Amino acid sequence: MDRISSDIEKYSECYGLNWAEKKVAMAEADKPSCKILEPRPEESKDWENTGNIYIEGDNLEALKLLQESFKSRIKMIYIDPPYNTGKDFIYNDNFSHSGWCSMMYPRLKLGSDLLSENGVIFISIDDNEAANLRMICDEIFSEDNFLADIIWKSTKSVTNTALKIRMMIREGPGRQILSR
């Protein structure tokens, strides 16, 4: 019996999602960007008054660049990641399970760092990766901050698929407002 007890003490128990290269994905969120964010007032509409930012390019690099100026200041994020259907569109939509998780993890982690105390993130996804997305979000945002799945069945879609929109909010006063 003592041998079993000592073996149990060696391992920390936890519930979560693990995949090949998860540590690499976690480290990716901490790697600095080698890119620069360059304003282009001449290509912008009402630059002086709007304060809006349009960023074109790799979203992981964009999220890294936004950390310095916008950390804990964003009120709402909406993302529509690849659903991993195996059908490439204008972007890669054919990841391995671990590849999809590794692509999503640093983006969600950086997004979480950008959210204000009462910020909210909405994520569109279909059933292909919904369970994995939930576990990654539970790890990053805490499962206590999950509010709801909103199911939307498109009548205009060729495949007429139902999409889930996950609503997660960080701790803070906004939680009471949104959960009423």
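The values are calculated or read from the model by the stated rules, or taken from the named source; none is laboratory data. Bear in mind the structure is a predicted one, so any value in this text is a computation, not a measurement. Cβ sites come from the backbone with ideal geometry, for glycine too, and all protein chains shown count toward neighbours.
Looking at the structure I just gave you, is Leu37 within 27 Å of Asn118 (Cα to Cα) and assigned to a helix (DSSP H, G or I)?
Numbers: within 27 Å of Asn118 (Cα to Cα): yes; assigned to a helix (DSSP H, G or I): no.
Against the criterion (within 27 Å of Asn118 (Cα to Cα) and assigned to a helix (DSSP H, G or I)), Leu37 does not qualify.
Scan (1) modelled with pLDDT under 90; (2) over 20 Å from Lys71 (Cα atoms); (3) outside any strand (DSSP E or B) for the single condition Cys101 breaks and write down its number.
(1)
Among all residue pairs at least 6 apart or on different chains, which show Cβ distances below 7 Å where the first residue, located in segment 46-74, is at pLDDT 80 or above and charged (D, E, K, R) and the second is part of a helix (DSSP H, G or I) and surrounded by 10 or more Cβ atoms within 10 Å (Cβ to Cβ)?
As it stands, the answer is Lys64/Leu110; Lys71/Asp113; Lys71/Leu114, since those pairs meet every condition given.
Taking interchain pairs and intrachain pairs at least six residues apart, which have beta carbon atoms under 6 angstrom, with the first residue in segment 135-159 and closer than 13 Å to Leu108 by Cβ and the second at pLDDT below 85 and exposed (fewer than 13 other Cβ atoms within 10 Å of the Cβ)?
Hits for this filter: Glu139/Gly16.
Restricting to segment 75-98, count the residues that are modelled with pLDDT of 85 or more and within 22 Å of Asn52 (Cα to Cα). If you could, list the steps in order and put the result at the bottom.
Narrowing segment 75-98 to residues modelled with pLDDT of 85 or more: 75-79, 98.
If we keep only those that are within 22 Å of Asn52 (Cα to Cα) as well, we get 75-79.
So the count comes out to 5.
Take Leu133 and tell me if it is assigned to a helix (DSSP H, G or I), in contact with a helix residue (DSSP H, G or I) (Cβ under 6 Å, 6 or more places away or on another chain), within 26 Å of Leu66 (Cα to Cα) and at pLDDT 80 or above. Quick ask: steps written out before the conclusion?
Details: assigned to a helix (DSSP H, G or I): yes; in contact with a helix residue (DSSP H, G or I) (Cβ under 6 Å, 6 or more places away or on another chain): no; within 26 Å of Leu66 (Cα to Cα): yes; at pLDDT 80 or above: yes.
Judged against the criteria, Leu133 is not a match.
Looking at segment 117-138 only, could you name the residues that are closer than 18 Å to Ile151 by Cα, crowded, with 20+ Cβ neighbours inside 10 Å and in contact with a strand residue (DSSP E or B) (Cβ under 9 Å, 6 or more places away or on another chain)?
Listed by number, the residues that qualify are Val120, Ile121, Ile123, Ile125, Leu133, Cys137.
Can you tell me which residue in segment 40-72 is nearest to Ala27 (Cα to Cα), limited to those that are among the basic types (Lys, Arg) and surrounded by 12 or more Cβ atoms within 10 Å (Cβ to Cβ)?
Of the residues in segment 40-72, the ones among the basic types (Lys, Arg) are 40, 45, 64, 71.
Next, only the ones that are surrounded by 12 or more Cβ atoms within 10 Å (Cβ to Cβ) stay: 64, 71.
Details: Lys64: 13, Lys71: 18 Å.
It comes out as Lys64.
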